[in-house]
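Following: one structure in structure tokens, then a few remarks.
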Amino acid sequence: MEQLSMLNKLAQIETNGKLLPFSPYYIIFSDGRIYSLRSNKFLKKVKSAGKTSEKYYYTYDLGASGKHLVTRLVMFVFGKHKYKNIIEMPKITLKNNDLEDLSISNLEFVTQSEINKKYDIKPSEKCYLNNNNQKIDEDQIEIIKDLRNQNISLKQIGLKYNTSEMSVHRFIKKYQL
């Protein structure tokens, strides 16, 4: 009898939610909730601090699958897109800026430029080629110049130096490469 009740509950949950494609132990709902089939309960979202004190975001720790932003999970499963995995997706923002409203109807794909305009973010003058803010030597300048001459993208250069595309852009601009 208890098994039948559990099956009914599972059927009801799966009707309103969808199984996460990369982690078959979790059912996600369009409002951002996740139900664990292992523990038979809803997971608690973890509130993480953003770059400013008034900003924060929610994540779920999905065990072996790692930690994931709730907005990315919801958009991956319920959004209209052609991305085959969550890593390929662009940035996501909240349409109404309500940090608690993580529903699919409040999410949209955006570019970094759109985020900068929406939140009035001004570009930084910093142009380090790595996250350790180490001084760049002449050899690295020549290497970057050679990579640019080979038409290597800013994104690929950023990956090579473990930094952002924008940091590479600033570096190239500063040293007039």
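The values are calculated or read from the model by the stated rules, or taken from the named source; none is laboratory data. Quantities reported herein were computed from a predicted structural model and do not represent experimental measurements. Glycine also receives a Cβ, built like all others from the backbone with ideal geometry; neighbour counts cover every protein chain displayed.
Tabulated values for the structure
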| read-out | value |
| --- | --- |
| Failed item, numbered, when K55 is tested on (1) at pLDDT 90 or above; (2) within 17 Å of the chain's Cα centre (by Cα) | (1) |
| Residue that is modelled with the highest pLDDT [pool: residues in segment 1-18 that are surrounded by fewer than 16 Cβ atoms within 10 Å (Cβ to Cβ) and not in a helix (DSSP H, G or I)] | K18 |
| Pair list, Cβ < 6 Å and 6+ apart or interchain, from segment 148-159 residues that are under 16 Å from R170 (Cα atoms) to residues that are in a loop (DSSP other than H, G, I, E, B) and modelled with pLDDT under 85 | R148/L177; G158/S164 |
| Residue check for S36: at pLDDT 85 or above, assigned by TED's automatic domain parsing to the domain that holds I92 and more than 23 Å from S105 (Cα to Cα) | yes |
